[in-house]
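Reading through the structure tokens given below for one structure.
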Amino acid sequence: MDRWRGRVALVTGASVGIGAAIAKELVRCGMKVVGCARDVDKIQNLAAECQSAGHSGVLVPFKCDLNNEEEILSMFAAIKDQHKGVDVCINNAGLAHPESLLHGQTSGWKNMLDVNVLALCICSREAYQSMKERNVDDGHIINLNSMSGHRVVHSTDVHFYSSTKFAVTALTEGLRQELREANTHIRATCISPGVVETEFAPRLYSQNADKAAASYTKFKALEAIDVANSVTYVLSAPPHVQIGDIQMRPVEQVS
């Protein structure tokens, strides 16, 4: 990770869970991390924690609603003005609503598409443009995908969510191909974890605490730091190595 010291990473959804773990780990490795979320209070607390720990990097909290393209574009403009631009873009933000295909609410479907797919594409596009205008040829775009982007489980609550993650699988490979056609060495990777113990299940099943709790009691789930470690592994790969996808799941997870 030495070559990334002092360089700028954007981490979306950095206030909690996997995003917070990634942001903290990159700061520990000496990067300047812009962590964005709608609730920046938690990122500010995390920034103070990183500073108290003596990490060599810095975490910069930024308030941004990824449902709003104007806010995303304003964020990239601010990063350009204050930090020159983005060298690493980690599209971590994602959400799920228990909206089935037969009875789901359109608003829930739209929210998942806006955050899981469109915001990811907008951030990837703007990150690439930031790299290109500064002649950065070794940048990296990392999409937080899911095992749900590779198979469909028998659960009506996550069928639409799964479709957004299948989109991430296709978009990451499409991005890789377009980067090659652009004759750049900028890399694109997606990371696809299985069950990770975070706020994901409690938010998905906010109306059913027992169901949320059961999500993490059947077996030892992955932890957020496990996913963060996979991000640093990807970033540490030699410049000629393209890691397309990391699929990771708990040992006891069946599917």
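Start at zero, step by 5 Å, and the Cα-Cα distances of the stretch 169-234 spread as 3, 15, 17, 15, 14, 12, 10, 7, 4, 2, 0 percent across the bins. Over the stretch 74-219, the hull volume per residue, using the convex hull of the C-alpha atoms, is 128 Å³. Where the centre of each part is set by its Cα atoms, how far does the stretch 188-203 sit from the stretch 88-128, in angstrom? When both Cα centres are located, 14 Å separates them. Remark: for residue pairs Lys110/Lys132; Lys24/Lys63; Lys63/Lys84; Lys24/Lys165; Lys110/Lys220, the C-alpha separation exceeds 29 Å in Lys110/Lys132; Lys110/Lys220. Computed over the stretch 117-182, the convex hull of the alpha-carbon atoms projects to a mean area of 4.7 nm². Restricting the stretch 129-223 to trypsin sites (Lys or Arg not before Pro) that sit in a DSSP loop and have at most 14 other Cβ atoms within 10 Å of their own Cβ leaves Arg134, Arg151, Lys218, Lys220. In order along the stretch 184-191, the phi-based Karplus estimate (6.51 cos²θ - 1.76 cosθ + 1.60, θ = phi - 60°) of 3J(HN,Hα) comes to 10, 9, 5, 10, 10, 9, 10, 10 Hz; Gly and Pro are listed as x. As a size descriptor, the averaged projected area of the C-alpha convex hull of the stretch 1-78 was calculated at 4.8 nm².
On a per residue basis, the chain carries 48 Å² of accessible surface, using protein heavy atoms and a 1.4 Å probe. For the chain, adding -39500 (n - 2.57) for each run of n ≥ 4 DSSP H residues and dividing by the number of residues yields -13000 deg cm²/dmol at 222 nm. Applying a 4.7 Å Cβ-Cβ cutoff to the chain leaves Cys29, Cys50, Cys89, Cys121, Cys123, Cys190 as cysteine residues with no disulfide-compatible partner. Measuring nothing but protein heavy atoms, the accessible surface of the chain at 1.4 Å probe radius is 52 percent carbon and sulfur.
The values are calculated or read from the model by the stated rules, or taken from the named source; none is laboratory data. Worth saying up front: this structure is predicted, and the values here are computed from it rather than measured. All Cβ positions, even for glycine, are placed from backbone atoms using ideal geometry, and neighbour counts span all protein chains on display. For the accessible areas, the whole protein counts, side chains as well, though only heavy atoms, and no ligand, DNA or RNA atoms are used. Shrake-Rupley method; radii C 1.70, N 1.55, O 1.52, S 1.80 Å.
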